[in-house]
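Report on one structure; see the data block that follows.
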Amino acid sequence: MTESTELIRLTALQMAEKLRAGEITSVELTQAHLDRIAAVDGGERGIHAFLHVNPDEALAVAAEVDAIRAAGGAEAEALHPLAGVPVAVKDNIVTVGQPTTAGSRMLEGWMSPYDATVVTKLRRARLPILGKTNLDEFAMGGSTEHSAFGNTRNPWDLDRIPGGSGGGSAAAMASFMAPLALGSDTGGSIRQPGAVTGTVGAKPTYGGVSRYGVIAMASSLDQIGPVARTVQDAAALQELLGGHDAKDSTSLTEPLEGLLTAARQHDVTGLRIGIVSELKGEGYQEGVLERFREAVTILRDAGAEVIEVSCPHLKYALGAYYLIMPSEASSNLAKFDGVRYGNRVVPEEGGTIEQVMGATRAAGFGEEVKRRIILGTYALSAGYYDAYYGSAQKIRTLVQRDFDEAFSKVDVLISPTSPTTAFGLGEKIDDPLAMYLNDVATIPANLAGIPGISVPGGLAEGLPVGVQFLAPARGDAVMYRAAAALEIRLEEAWGTQLWAQAPDLDDTRSTQPAGVGTADRTAGGENR
Amino acid sequence: MSAITREDVAHLARLAHIRMDEQELDKMSGELAVIMDAVAAVSEVAGDDVPPTSHPIPLTNVFREDEPGEMLSQEQALAMAPEAEDGQFRVPAILEGE
């Protein structure tokens, strides 16, 4: 292993430590990741985690950090602990200077005139932004196959899905193309990709991280959160991203604090953990359940008090979600009308604005997006509103009450993150309902607004399994504490981290025709 | 509740301003029927006594000081428009004919 391949396999906090100690420079570290992206992301059998790579800006920011550190003094002292550690950004989060497509033809080549608040925070803390990661179109999907710019491959098995919608960010973690990334989680889009790639993803409490600048799907469910390889890295990134933002009226006024401290605590003595009766059993692969049961045993042996709790209304959560989410999405996506931004398609015969909109949206949106817009329009339409959207909102109340009741008995809840390991590319693409069932264990947290995290739980038939922890609203710290406690004990048992066992990837540069590289297949296109 | 029909989908596609061809309408109505079947139970669970939740963490009276902040320039706002003219978005004809 060369020095730079060892470098990219460190955790983000280890990288930060080496930067502070002056053992490495941010330019070296950033270049090592750019080299890795060039080596494994492109080509026919490449991972394809990135839709756009941002080398010049990333290296410039890295050089700034290095210069500040070299100069020393107050400015160097004031650097954020993660300064100089590179990061990737999911492509539904807007960035100045890089295209933002949301994985959609509608926004192909679109350049945002402003930065998302989380991106502003990354810039202030001087984390070099490596590029924008692939996703299901407008974050709608569980496999990243709904991206208009091609699917992402799972580094554990190139013929399997990396999860979704944030498959790009998670695959970038598992293939060491980035140590940290941003994700968005509306029904599991951070956690499920984490589970099936053997990495970590956390959905903060709703409002814990500003959503200003994320292209909205379902506003009462969407939440930006950290994607990482370790629980501590995720906690450190959430601390950087979190806090009140006047530009997001749903953002919590009080910051969620002590996350990294909690993730550094491994003691679970007396911690009360509840197994959710409804989130295991039918529909869950046996291998997933085996790893889950082992995780529970480990926590019990470590001194946690484990009981089983029932949340009887969770069985209706999936149905409620697939009414609320499309309803809100149909409204949010109405803005893509080919007038103010995005690509306009004029019918051959020309036409009025209405006909232009119809043609623009027909050409710009993919199948899954159209399906959800139609579904949402239906659920909101006169005569059906009460039966569908209204009923779903009542179920939301019942799900929240179930969680309130559960959290009166336990500190955190535990379940498998996803009912299955990564399935094959193309396996569920023609069966929307089967695809929706991926989210059965992750959706309830979005409905209730509570935080959730997925941590690696081991392998089933060679593929990663995720274990999910849920905590009460604003209880992100205890969630990180429980997740870190499991993580460290599993790592002790394995002798290494799960992601360190991921198969080596071939350098795909040798297998592709000359001149076809990552930079050439950017979805961004030219800045118009 | 009635099942979702092909005519329903055609109507909804018009409401949502998405042009769909015959083939798409066939495919979409079949898929939506399956999905609606799966979620239909939702309407039978909660009674009138259960209040709806529209927002997971209720916040009320979210205000800020009424002071002008940073905003996009006209140029920035129009930079990515499909068509702009004289500092304005240019839209296709609203009405049919001349």
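Can you say whether A:ILE429 is within 27 Å of A:GLY167 (Cβ to Cβ), outside any loop (DSSP other than H, G, I, E, B) and of a type in the set (Val, Ile, Thr), as far as the supplied structure shows?
no
Given the structure, is A:ALA246 at pLDDT below 95, of a type in the set (A, V, I, L, M) and not in a helix (DSSP H, G or I)? Here the answer is yes, as A:ALA246 does meet what is asked. One residue stands out in the stretch A:388-444 among those that are among the polar types (S, T, N, Q) and without any contact (Cβ under 8 Å) to a residue 12 or more places away in the chain: the one that is surrounded by the fewest Cβ atoms within 10 Å (Cβ to Cβ), namely A:SER408.
Yes or no: A:ASP233 among the acidic types (Asp, Glu), within 13 Å of chain B (Cβ to nearest Cβ) and in contact (Cβ under 8 Å) with a residue 40 or more places away in the chain? Considered against the rule, which asks whether it is among the acidic types (Asp, Glu), within 13 Å of chain B (Cβ to nearest Cβ) and in contact (Cβ under 8 Å) with a residue 40 or more places away in the chain, A:ASP233 comes out as no. Annotation note: Cβ proximity below 8 Å between a residue of the stretch A:128-144 that is surrounded by fewer than 24 Cβ atoms within 10 Å (Cβ to Cβ) and a residue that is small (Gly, Ala, Ser) (sequence gap 6+ or interchain) occurs for A:ILE129/A:ALA58; A:ILE129/A:ALA88. So, A:LEU127, is that one at pLDDT 95 or above, under 23 Å from A:MET173 (Cα atoms) and part of a loop (DSSP other than H, G, I, E, B) or not? Taking the combined requirement at face value, the residue satisfies it. Take the conditions more than 8 Å from chain B (Cβ to nearest Cβ), out of contact with any helix residue (DSSP H, G or I) (no Cβ under 6 Å at 6 or more places or on another chain), among the polar types (S, T, N, Q) and outside any strand (DSSP E or B) and apply them to A:THR420. Does it pass? The answer is yes for A:THR420.
Among the residues of the stretch B:2-28, the ones that are at the interface with chain A (Cβ under 9 Å from one of its Cβ atoms) and in contact (Cβ under 8 Å) with a residue 12 or more places away in the chain come to 5 in all.
Candidates in the stretch B:32-59 are the residues that are within 25 Å of the chain's Cα centre (by Cα) and more than 7 Å from chain A (Cβ to nearest Cβ); of these, the one that is nearest to A:GLY97 (Cα to Cα) is B:PRO58. The lone criterion from (1) among the β-branched types (Val, Ile, Thr); (2) surrounded by 16 or more Cβ atoms within 10 Å (Cβ to Cβ); (3) more than 22 Å from the chain's Cα centre (by Cα) left unmet by B:ILE18 is number (3). Against the criterion of being of a type in the set (A, V, I, L, M), modelled with pLDDT of 95 or more, out of contact with any His (no Cβ under 7 Å at 6 or more places or on another chain) and over 30 Å from A:VAL296 (Cα atoms), A:ALA320 does not qualify. When we screen A:ILE37, A:ILE68 for residues that are assigned to a helix (DSSP H, G or I) and touching a Phe, Trp or Tyr at 6+ places or on another chain (Cβ under 8 Å), the only hit is A:ILE37. For the stretch A:188-224, filtering for residues that are within 14 Å of chain B (Cβ to nearest Cβ), touching an Asp or Glu at 6+ places or on another chain (Cβ under 7 Å), under 17 Å from A:PHE469 (Cβ atoms) and assigned to a loop (DSSP other than H, G, I, E, B) leaves 4.
Quick one: count up the residues across the stretch B:76-89 that are assigned to a loop (DSSP other than H, G, I, E, B) and either facing chain A (nearest Cβ under 9 Å) or not charged (D, E, K, R) (or both). Let's see the steps before the verdict.
Within the stretch B:76-89, the first condition is being assigned to a loop (DSSP other than H, G, I, E, B), and the residues that meet it are B:79-83, B:86-87.
Right, trim to either facing chain A (nearest Cβ under 9 Å) or not charged (D, E, K, R) (or both) and you get B:79-83, B:87.
Total satisfying the criteria: 6.
With the condition kept exactly as written, say whether any residue in the stretch A:106-113 is within 14 Å of chain B (Cβ to nearest Cβ), surrounded by 22 or more Cβ atoms within 10 Å (Cβ to Cβ) and among the aliphatic types (A, V, I, L, M). Yes, the stretch A:106-113 has at least one match. Residues in the stretch A:340-359 that are over 15 Å from B:GLU96 (Cα atoms), without any contact (Cβ under 8 Å) to a residue 40 or more places away in the chain and more than 7 Å from chain B (Cβ to nearest Cβ): A:VAL345, A:GLU348.
Number of residues in the stretch A:122-149 that are touching a strand residue (DSSP E or B) at 6+ places or on another chain (Cβ under 9 Å) and among the basic types (Lys, Arg) equals 2.
Kindly evaluate A:VAL296 against the criterion of being in contact with a strand residue (DSSP E or B) (Cβ under 7 Å, 6 or more places away or on another chain), surrounded by fewer than 23 Cβ atoms within 10 Å (Cβ to Cβ) and of a type in the set (A, V, I, L, M, F, W, C).
yes
The values are calculated or read from the model by the stated rules, or taken from the named source; none is laboratory data. These numbers were taken from a predicted model, which means no experiment stands behind them. All Cβ positions, glycine included, derive from the backbone under ideal geometry; neighbour counts span all protein chains shown.
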